[in-house]
Ligand SMILES: [Zn+2]
Ligand SMILES: [Zn+2]
């Protein structure tokens, strides 16, 4: 990986991703500017996997394990 720009399918919708794509944190009411690189991805695979939802979040809304708050909560409850 490490591409600046690529397209992925997320929830049946085609979106642009990659660290060259500007975005804002997907947490409600958060306006932090990020990009759609893997460093801001919830989960480990663009588009989502069993580890995360595929959303993109700022450092404050992504846990140390690269999960957004909602996914981290689900993982905690499953543990
Ligand atoms: Zn998530
Ligand atoms: Zn945020």
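Overview of values
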read-out: Checking residue 77 against (1) touching a strand residue (DSSP E or B) at 6+ places or on another chain (Cβ under 9 Å); (2) surrounded by fewer than 18 Cβ atoms within 10 Å (Cβ to Cβ); (3) modelled with pLDDT under 95, the condition it does not meet; value: (1)
read-out: Strands (runs of 3 or more DSSP E) completely within region 1-74 that count 2 or more residues being crowded, with 18+ Cβ neighbours inside 10 Å and either within 15 Å of ligand 1 (Cβ to nearest atom) or without any contact (Cβ under 8 Å) to a residue 60 or more places away in the chain (or both); value: 13-24, 33-36
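The values are calculated or read from the model by the stated rules, or taken from the named source; none is laboratory data. Everything quoted here is computed from the prediction, not taken from an experiment. Cβ: placed from backbone, ideal geometry, glycine included. Neighbour counts: every protein chain shown.
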